[in-house]
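A quick write-up on the structure given underneath.
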Amino acid sequence: MEARLNMFTSPLAGKFLRHINSAAKTLESTLPVTTQELVKIRASQINGCGFCLDMHTKDAEKAGETALRLNLLAAWREAKVFTDAERAALELTEQGTRIADGGGVTDEAWANAAEHYDEDQLTGLIGLIAVINMYNRMNVITRQPAGDYVPGMFG
């Protein structure tokens, strides 16, 4: 698979990505790193973004995530290996990613997430969901190939 546009050699894309990455870094919160990676992976599964799946599954493994949990992530509702807090984050991720499919995020999903996360963590979670969806769309549109990512290669 060849990318339609090389986002890594384009000066304009580089400038854009630096700004997006800087914005994402401002959202760092006390949200557990493994939860952050699960959110990125789940949104990327929904959006069919192989590039982000490659990156975030490898980053999750490096952060200590288990193969069992990564393998069950697409079926998280039926899996007993996720905490209630992670389930709340994953539900918010799914509803926030599939806005057009279900009419937005339900009050129930929001209330459930708010039971497990404080305001800063919720802000970080919302920003994370928005940013990963942006990256997924950019990578799917340009057909960025997957498989070559090495943890830490982007900084």
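The values are calculated or read from the model by the stated rules, or taken from the named source; none is laboratory data. Just so it is clear, the structure is predicted and the values come from calculations on it, not from any experiment. Every residue, glycine among them, receives a Cβ derived from its backbone with ideal geometry; neighbour counts consider all protein chains shown. These area figures cover heavy atoms from the full protein model, side chains too; ligands, DNA and RNA do not enter into them. Shrake-Rupley method; radii C 1.70, N 1.55, O 1.52, S 1.80 Å.
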Legend entry - Residue list for the stretch 49-67, restricted to those being among the β-branched types (Val, Ile, Thr) and either touching a Ser or Thr at 6+ places or on another chain (Cβ under 6 Å) or open to solvent by 50 Å² or more (accessible area, probe 1.4 Å) (or both): Thr66
Inset, instruction - Pairs only if they're at least six apart or on different chains, beta carbon under 6 angstrom, first in the stretch 53-69 and over 15 Å from Thr83 (Cβ atoms), second open to solvent by 50 Å² or more (accessible area, probe 1.4 Å); list them, first residue then second. - result: Asp54/Ala146; Ala63/Val33
Inset, instruction - Kindly list the number of the only condition in (1) modelled with pLDDT under 95; (2) in contact with a Leu (Cβ under 6 Å, 6 or more places away or on another chain) that fails for Val33. - result: (2)
Inset, instruction - Kindly provide the set of residues from the stretch 139-153 that are touching a residue at least 60 places away in the same chain (Cβ under 8 Å), assigned to a loop (DSSP other than H, G, I, E, B) and open to solvent by 50 Å² or more (accessible area, probe 1.4 Å), ordered by number. - result: Arg143, Pro145, Ala146, Asp148, Val150
Legend entry - Residue among Leu73, Leu17 that is among the hydrophobic types (A, V, I, L, M, F, W, C) and in contact (Cβ under 8 Å) with a residue 12 or more places away in the chain: Leu73
Legend entry - Subset of the stretch 105-138 (residues that are touching a helix residue (DSSP H, G or I) at 6+ places or on another chain (Cβ under 7 Å) and outside any helix (DSSP H, G or I)): Val105, Thr106, Tyr117
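Rundown of residues vs (1) closer than 22 Å to Gly147 by Cβ; (2) modelled with pLDDT under 90, yes/no style:
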position: Ser10; (1), (2): yes, yes
position: Lys15; (1), (2): no, no
position: Ser22; (1), (2): no, yes
position: Gln45; (1), (2): yes, no
position: Cys49; (1), (2): yes, no
position: Leu73; (1), (2): yes, no
Inset, instruction - Filter the stretch 72-104 down to residues that are within 16 Å of the chain's Cα centre (by Cα) and of a type in the set (S, T, N, Q) and give me whichever is surrounded by the most Cβ atoms within 10 Å (Cβ to Cβ). - result: Thr93
Inset, instruction - Specify which of the listed residues (Arg98, Arg137, Arg77) is over 17 Å from Asn47 (Cα atoms) and not aliphatic (A, V, I, L, M). - result: Arg77
